[in-house]
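Remarks on the structure that follows.
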Amino acid sequence: MDEELRLRPVEEDDLPLVYRLTSDPVGSGEFGWFGWLDPGIFRRQWAENGLLGEDGGFLVVAKGAESAGFMNWRKHKTGTVSHCWEIGIALAPEVRGRGYGTHAHRLLVAYLFAHTPVNRIQATTETGNVAEQRALEKAGFTREGVMRGTGFRAGRWIDAVMYSLLRAEL
């Protein structure tokens, strides 16, 4: 039986996967490795609020009983009284290339627009991360342009592509 992809809150048993996809060079992949993290950071945050808060959160990407990765979002201030959400994704290497990313982006967008009053959701990815760019475009995001020298990874400054989706475009 092919079970539907879904998002769900992070459970304690998911914490090793979250850490693996953020702090392990193999698990995080070519575009996600930014160095070692405090090994207890996610466990402490999970104990405090389940990795869900007013300024952002994490949800597990699940297919049946399989935890395939996570989606996250954080508040990005856009004006004196306004903000948007900036989202990200990390999928386990063994499930990449199956279309999970596109579907998970759509699920998170629907969730955030249904449960928060923001008008804009944005995502950035490295210019070389063509798979993520395709997933964002398939999920309905519009490519806005290249931000030069915006991120630092692997000892060098990198360019990123900005994508957005407005509430009216859903």
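Points to keep in mind about this one:
- Residue within region 117-132 that is modelled with pLDDT under 95, over 11 Å from the mean Cα position of the chain (by Cα), under 25 Å from GLU3 (Cβ atoms) and not in a loop (DSSP other than H, G, I, E, B) present: no
- One residue stands out among those in region 30-57 that are touching a helix residue (DSSP H, G or I) at 6+ places or on another chain (Cβ under 7 Å) and part of a helix (DSSP H, G or I): the one that is nearest to GLY128 (Cα to Cα), which is PHE42.
- Assessment of region 29-47 against the conditions (buried (at least 16 other Cβ atoms within 10 Å of the Cβ), small (Gly, Ala, Ser), under 25 Å from ARG156 (Cα atoms) and touching a residue at least 60 places away in the same chain (Cβ under 8 Å)) yields at least one matching residue.
- Number of the exception - VAL61 against (1) of a type outside the set (Gly, Ala, Ser); (2) farther than 20 Å from ALA123 by Cα; (3) surrounded by 14 or more Cβ atoms within 10 Å (Cβ to Cβ): (2)
- Selection count where residues are under 13 Å from GLY69 (Cα atoms), surrounded by fewer than 16 Cβ atoms within 10 Å (Cβ to Cβ) and either at pLDDT below 95 or among the aliphatic types (A, V, I, L, M) (or both), scope region 1-28: 0
- Condition met for LEU52 (crowded, with 17+ Cβ neighbours inside 10 Å, modelled with pLDDT of 95 or more and out of contact with any His (no Cβ under 8 Å at 6 or more places or on another chain)): no
- Scanning region 58-93 for residues that are part of a strand (DSSP E or B), over 12 Å from LEU7 (Cα atoms) and not hydrophobic (A, V, I, L, M, F, W, C) gives ARG74, LYS75, HIS76, LYS77, HIS83, GLU86, GLY88.
- Flag if ALA110 is of a type outside the set (Ser, Thr, Tyr) and in contact with a Gly (Cβ under 8 Å, 6 or more places away or on another chain): no
The values are calculated or read from the model by the stated rules, or taken from the named source; none is laboratory data. If you're wondering where the values come from, they're calculated on a predicted model, not measured in any experiment. Ideal geometry is used to build each Cβ from the backbone, glycine not excepted, and the neighbour counts take in all protein chains shown.
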